[in-house]
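The structure under discussion appears below in the form of structure tokens.
The values are calculated or read from the model by the stated rules, or taken from the named source; none is laboratory data. What you see is a predicted model; the values in this text were computed from it and never measured. Quick reminder, even Gly has a Cβ in these numbers, built from the backbone with ideal geometry, and neighbours come from all protein chains shown. Areas reflect the complete protein model, heavy atoms only, side chains present, ligands, DNA and RNA absent. Shrake-Rupley method; radii C 1.70, N 1.55, O 1.52, S 1.80 Å.
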Amino acid sequence: MSCWFCLKLKRQLIMRVTDVRLRLNIGAQFRALWLLKSRRRISDTGAEAILTARGVPVVDPREILSPAYPRIIEVVDPPPQPSVLQDWKTEVKDTPCHVFNKRFSPLIGMPQVQCLTNSVVQSSLPKSVLDCATKITEEEDKKVKEAIFHAHLLDSFQAKLPKVINMDRPGWNERREYGIPFGRKHKTLTYQLLLLLDQQVPGALERQLVEDTLTQVTLKHSDSLMQINHEAAFIVSSLTPLPQLADNAEIKSLQEETLPDIYPLSPLVNCRAFNTYCLKDSYGVASNNLYPHTIFIHQNQSRMKLSEDQFAGISLLHAFSHAAAYAKATGSIVGSNLEKPVVLQVVHMHRQYFHMGVFQLNTLNLTGTTKNIFWTQPWEPLFSKCCFQAAQPVLEGYNPRVFELLKGLHAQC
């Protein structure tokens, strides 16, 4: 019995006791190789003796080559921001203030913004703009298409794009792609189109272009305080103001027109009120010798899905804020009305859609009988599809009417 137990124990010991398998450590191997290679000496190949025997002189390269020139690195300070809004200190106030910024989206659309800005909307652009919106030539058509390709496909800039949210698959993390961000596409295309417009419209080169501006204006709406903080991608300023589109008789006739009724909702329904804010006003262009001509705004919010009515309402709100800030900066206000109306144009862009309008600011009394006027029309798609197919850039659904309307706006002076 004891022999059988000893044999079984011996078999278990034989099965369990095995050779130790050693695995090479990559870090230790690298350190050993580094130490070994660092001790290597330059071996004499005999080339110097052979060259000397054949009469070829061998000299030290340091005796012939001049030392490298010292590299002077000039440190340039970054340019100042276009506005000093970031340096303003906010203070805690007793009265709450409703603040509108780029994330604001009108809940009801255009009727809500009409009640906010006390504006009447006309369903078409002014006749002066439509008369200048002439048909473009083949050369202009070709340049516009090249600008679209350059902005949407041929730009070498690459960045990680925002997350793609699929409502049919909640909680699923889609793959993050690299590509050209919407903000860069919008800016590149707008800048290219502005260059083409300056070449086609006489006198346009005298205008000034300011990029990435901040505008802030504080106003009273009924018994509430509201403040609008808006950014503009480009502001085109001219040496002469745009002519008044609606005369005093037409402005007076619009006093009887009523604004849309959104009761029981308030125009400030989806705008947060803060007790910490700054009451200073600022217009994007600091010079008093320049007049606003056209503002270009870009809707770069990737997750914000807007209807056409909401999109047009944001255009009206941007036009109102810039016109009101300019009027308050120049001091051309008597009471709540303006000595001379401020007229400016707005171009609102999101992906391939363009919305254009003309705004005339007549009053800053947002609950009075005098109304502001906004001429607009439905948005226009510049194209339907722009992508690579079989390694070739393809543009489908190109609409030349967009550039015609831009040329009509740019020709106003």
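What number do you get for the stretch 169-321 when its Cα radius of gyration is normalised by 2.2 N^0.38 Å, N = residues?
That ratio works out to 1.31.
Take every Cα-Cα pair in the stretch 187-235 and report what % of them are more than 17 Å apart. Roughly 53 percent, rounded to a whole number.
Longest stretch of the chain clear of exposed loop sites (chymotrypsin sites (Phe, Trp or Tyr not before Pro), DSSP loop, at most 14 other Cβ atoms within 10 Å, sites excluded): 173-413.
Size descriptors for the stretch 82-216, from the alpha-carbon set: Rg then Dmax equal 21.1, 61 Å.
Farthest towards the positive end of the charge dipole of the chain, among the residues PHE403, PRO381, ALA246, is the Cα of PRO381, using unit charges on the Cβ of Lys, Arg, Asp and Glu. The mean sequence distance of close C-alpha pairs (under 8 Å, at least 6 residues apart), as a share of the length of the chain, puts its relative contact order at 23 percent.
Entry for the stretch 138-223 at q = 0.15, 0.20 Å⁻¹: log10 I(q)/I(0) = -0.80, -0.99, Debye formula applied to identical alpha-carbon scatterers, no solvent contribution.
Computed from the Cα positions only, the extents of the stretch 208-295 along the three principal axes stand at 44, 42, 19 Å, in decreasing order. Per-residue accessible area (protein heavy atoms, 1.4 Å probe) orders ARG169, ARG175 as ARG175, ARG169, starting from the largest. Could you give the distance between the Cα centres of the stretch 91-130 and the stretch 257-292, to the whole Å? Taking the Cα centre of each part, the stretch 91-130 and the stretch 257-292 sit 7 Å apart. Structure remark: mean-square fluctuation, Gaussian network model of the chain, C-alpha springs under 10 Å; the largest value among SER66, SER128, SER224 belongs to SER66.
Mind checking the angle between helix 2-16 and the chain's longest principal axis? C-alpha axes, 0 to 90 degrees, to the nearest 10. The angle comes out near 60 degrees. Calculated on the alpha-carbon coordinates, the convex hull of the chain measures out at 417 cubic angstrom per residue. Derived from the Cα gyration tensor, the three semi-axes of the equivalent ellipsoid of the stretch 255-358 are 24, 20, 17 Å, largest first. When the Cα positions of VAL342, THR363, LEU189 are compared along the charge dipole of the chain, LEU189 comes out farthest toward the positive end, with charges on each C-beta of Lys, Arg, Asp and Glu. Mean residue ellipticity at 222 nm, helices only, the chain: -9500 deg cm²/dmol; runs of at least 4 DSSP H residues each add -39,500 (n - 2.57), and the sum is divided by the number of residues. Ligands, DNA and RNA aside, ARG176 has an accessible area near 90 Å² when probed at 1.4 Å. Per residue, the Cα convex hull of the stretch 293-412 amounts to 130 Å³. Over the stretch 212-251, the ratio between the Cα radius of gyration and 2.2 N^0.38 Å evaluates to 1.69. Toward the positive end of the charge dipole of the chain, with +1 on the Cβ of Lys and Arg and -1 on the Cβ of Asp and Glu, the farthest Cα among VAL56, LEU154, ILE314 is that of VAL56.
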